[in-house]
1. If you go through the stretch 65-106, how many residues are open to solvent by less than 30 Å² (accessible area, probe 1.4 Å), farther than 20 Å from R16 by Cα and out of contact with any strand residue (DSSP E or B) (no Cβ under 8 Å at 6 or more places or on another chain)?
2. Just a yes or no: is a residue in the stretch 136-143 hydrophobic (A, V, I, L, M, F, W, C), modelled with pLDDT of 95 or more, in contact with a Phe, Trp or Tyr (Cβ under 9 Å, 6 or more places away or on another chain) and closer than 22 Å to T18 by Cβ?
3. Just name the residue that is farthest from I6 (Cα to Cα) out of those in the stretch 24-67 that are modelled with pLDDT of 95 or more and polar (S, T, N, Q).
4. Could you please find all residues in the stretch 39-64 being open to solvent by 20 Å² or more (accessible area, probe 1.4 Å) and either farther than 24 Å from K12 by Cβ or in a strand (DSSP E or B) (or both)?
5. Kindly evaluate L130 against the criterion of being of a type outside the set (K, R) and either within 26 Å of L4 (Cβ to Cβ) or modelled with pLDDT under 95 (or both).
6. Looking at the stretch 144-162 only, could you name the residues that are out of contact with any Cys (no Cβ under 6 Å at 6 or more places or on another chain), open to solvent by less than 10 Å² (accessible area, probe 1.4 Å) and of a type outside the set (A, V, I, L, M)?
7. I need a count of the residues in the stretch 10-22 that are open to solvent by 40 Å² or more (accessible area, probe 1.4 Å), modelled with pLDDT of 95 or more and outside any helix (DSSP H, G or I).
Amino acid sequence: MNKLNILTYPDKFLNRPTQPLDNIDGKVQEMIDKMALAMYDAPGVGLAAIQVGWDKSLLIYDVSPRDESRSLNVLINPKIITKEGEIVSESEGCLSVPDFRADVKRYSSILVKGVDREGRPLELEADGMLAIVLQHEIDHLKGKLFIDHVSALKRQMYVRRIKKKLRS
């Protein structure tokens, strides 16, 4: 199984909204498995299909502690139905925005609907860390990066640093 590369900022593909996934076939299952390898290898707690160059509305996540057994979750065509409260995700990071962490305001509690990897309807109430991860990955599916949630000054500092790095 060939390894997927995780796209990084400033790749413009990351800003594209994804398309709904209508047919969950063997190719989709293979892509989910490849995405899982990339996410665990990175290591990360979530990964959206757009981050590996596939513009479909699919994300995976695993918020289980590193020393416990893995618990891969798949969410296809997710939609946030309700959202409430506020929490600051301290030191949020992203596999597509390397070497940058920031505090990001998120909803503290959300209700998400979608389907699992078998196409079964899924309704998920999430709060805390899981709510943060799901909002972060669903943002990716909308073509939005977590740096879009930070102050313009912090974002500009990161952009300058990346441009400098790309020039050298």
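The values are calculated or read from the model by the stated rules, or taken from the named source; none is laboratory data. Keep in mind it's a predicted model, so treat the numbers as computed, not measured. Quick reminder, even Gly has a Cβ in these numbers, built from the backbone with ideal geometry, and neighbours come from all protein chains shown. We work out accessible area using only protein heavy atoms, side chains counted, and drop any ligands, DNA or RNA first. Shrake-Rupley method; radii C 1.70, N 1.55, O 1.52, S 1.80 Å.
1. So the answer is 0.
2. As a first pass, look at the stretch 136-143 and keep what is hydrophobic (A, V, I, L, M, F, W, C): 138, 141.
Still in the list and also modelled with pLDDT of 95 or more: 138, 141.
Still in the list and also in contact with a Phe, Trp or Tyr (Cβ under 9 Å, 6 or more places away or on another chain): none.
No - not one qualifying residue is present in the stretch 136-143.
3. Filtering first and then ranking leaves Q29.
4. Scanning the stretch 39-64 gives Y40, D41, P43, V45, K56, V63, S64.
5. Numbers: of a type outside the set (K, R): yes; either within 26 Å of L4 (Cβ to Cβ) or modelled with pLDDT under 95 (or both): yes.
Yes; evaluated as a whole, the condition is true for this residue.
6. So in the stretch 144-162, the residues out of contact with any Cys (no Cβ under 6 Å at 6 or more places or on another chain) come out as 144-145, 147-162.
After this cut, where a residue has to be open to solvent by less than 10 Å² (accessible area, probe 1.4 Å) as well, the list is 145, 147, 158.
Listed by number, the list holds a single entry, Y158.
7. Residues of the stretch 10-22 that are open to solvent by 40 Å² or more (accessible area, probe 1.4 Å), as a first pass: 10-13, 15-17, 19-20, 22.
Checking which are modelled with pLDDT of 95 or more leaves us with 11-13, 15-17, 19-20.
Next cut, outside any helix (DSSP H, G or I) only: 11, 16-17, 19-20.
Residues flagged as open to solvent by 40 Å² or more (accessible area, probe 1.4 Å), modelled with pLDDT of 95 or more and outside any helix (DSSP H, G or I) within the stretch 10-22 amount to 5.
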